[in-house]
Every structure is written in structure tokens, then in C-alpha cells.
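The values are calculated or read from the model by the stated rules, or taken from the named source; none is laboratory data. Values in this document were obtained by computation on a predicted structure and should not be read as measured data. Neighbour counts run over all protein chains shown; Cβ positions are idealised from the backbone, glycine included.
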Amino acid sequence: MLVIDSKASKFLIELAQAEDAAAEAVVNKQLADTMSQHLKSLASKNYRSAVQADFRAAGKGEEVKQLISIMWLPNDAAVEKVLRADPEFQRKASENGIFVVGPTGLWTAVGVAGSKININKQAENHEKIVETVHTLIERLVVVLGHAGRVGSGLKTAVDSYEKLSRSINSRLLPPVRNLVDLGVEAPTKGLPKPMPEFEVRDTDRRDAIDAEVDTLDNVRELPLPAGE
């Protein structure tokens, strides 16, 4: 936040109208005294509390991160005259956190403030990005945990199916065929075929999930050899 307090003095005009060095010295003393009073008045103003109240009322937040007080004089020549009249003026202003500037200095201050605002916005966005990435990673861990349990369930189901199919193919179907060979009439639909077997493999290969799949049209089944 930039607080710009405009100050001036009639002695700036009188200084330009001084006819000799003696008159100029008198006006310089009056200018220095007047500007010192302006400086004390500006230093005594609690701009931070006033700005803070408006800041909160506007819903901008709880606290102003940085507040800079500027004493603005009507032109750059006025700044030079004040500093010539009171060489300690700039130091006294700095001790009170006040910058004394003319139009050129004010333009520079506004430019610097704009740059700081942009940098701050980038920093805030960076924090949001980091926070979002952290949240995404946490959610990814949860999702992968569910996926891992699904994979384990599939592996368990396939293992159980494999035991069942092997038992049927090796223990149940052979006696049925023997009965038919011994003269028992076969069902009208024929003897059941051996149950197919499936296999699930665990792999840690990172490229195992990288694959391109094409859809094939006009697919026909190839005849299986006899007995299979």
C-alpha cells in the first residue's frame, strides 16, 4: 500500500522571487521550518490504522503486508530546494519511514510497487501450486491403494479359478469321458469342453503399462486342434 501525502509551501514561490542572497537565506530558513512541520505532521498521522481498517472493510484481508508513506512535492525542483534549505531533511524523513519525492520519484515508487505486487502474486500462485500438487499426490496414494487392493482381489480370484479349472479338467471330466466310453449315453449337447485357464502376472516393469491398442475388424476364430 502506498500512502501519498501531498505537501507544498508558499516559500517555494517566494524563494524563486528572492532578489538577493540575504533574502534567499531568510526564505530558505522559513521553507525549512515549514517543511519540518509538515514532516512532523505526516509522521504523527496513523495512516496504517486507517488503511488497515479500510483494508478489512473491503474484505481484502486481515493485515496490510507493507505500507509505504510518501511525501509528494509538486515538482522535482521543489525537492531540490527543500533539500538545499535543509540538508538533513531526507535523513529525518527516512527515520520516520517517509520518502520525499517529486513526480519522477513518485512514478518510480509506483512502478516498484507494481513490480512487488506482481512478484507477490506469483509467490502466492506458487504456494497454491505446491499445495495443489501435495493434495494431488495424497489423493493419488489413496487411489493407488484402492487399485492395489483390486489387483490383489483379481489375483486371488484368478488363482482360485485356476485351481477350480484344473480340478475340473483333471479330476471331473476324465471320469465323465470314461463313462461315455463304457457305453453311457452322452448328453445331447455333447460332453463339456475343458475349462480354459487364465494367468495373472505381477510385474515391476515401468513400461508394462505403455502400449498401443488397435481395434481389429473382421476377426475370425481359428479352428483348434482336435482334443483341445
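Points worth noting:
- Residue 165 being touching an Asp or Glu at 6+ places or on another chain (Cβ under 6 Å), under 26 Å from residue 201 (Cα atoms) and surrounded by 10 or more Cβ atoms within 10 Å (Cβ to Cβ): yes
- Summed over segment 143-157, the residues that are under 15 Å from residue 201 (Cα atoms) and either hydrophobic (A, V, I, L, M, F, W, C) or in contact (Cβ under 8 Å) with a residue 24 or more places away in the chain (or both) give a count of 4.
- Residue match in segment 47-61 (condition: among the β-branched types (Val, Ile, Thr) and modelled with pLDDT under 85): yes
- Among the residues of segment 1-42, those that are assigned to a helix (DSSP H, G or I), over 54 Å from the mean Cα position of the chain (by Cα) and of a type outside the set (Gly, Ala, Ser) comprise 14, 15, 17, 24, 26, 27, 28, 29, 30.
- Members of segment 158-183 found to be in contact (Cβ under 8 Å) with a residue 24 or more places away in the chain and within 50 Å of the chain's Cα centre (by Cα), listed by number: 158, 159, 161
- Residue within segment 49-68 that is of a type in the set (Ser, Thr, Tyr), surrounded by 15 or more Cβ atoms within 10 Å (Cβ to Cβ) and in the same structural domain as residue 95 (by TED's automatic domain parsing) present: no
- Selection count where residues are of a type outside the set (S, T, N, Q), in contact with a Leu (Cβ under 7 Å, 6 or more places away or on another chain) and in a helix (DSSP H, G or I), scope segment 81-109: 7
- Selected residue (criterion: farthest from residue 115 (Cα to Cα)) from residues of segment 81-98 that are crowded, with 18+ Cβ neighbours inside 10 Å and of a type outside the set (D, E, K, R): 85
- Selection count where residues are touching a helix residue (DSSP H, G or I) at 6+ places or on another chain (Cβ under 9 Å), surrounded by fewer than 19 Cβ atoms within 10 Å (Cβ to Cβ) and in a helix (DSSP H, G or I), scope segment 69-80: 2
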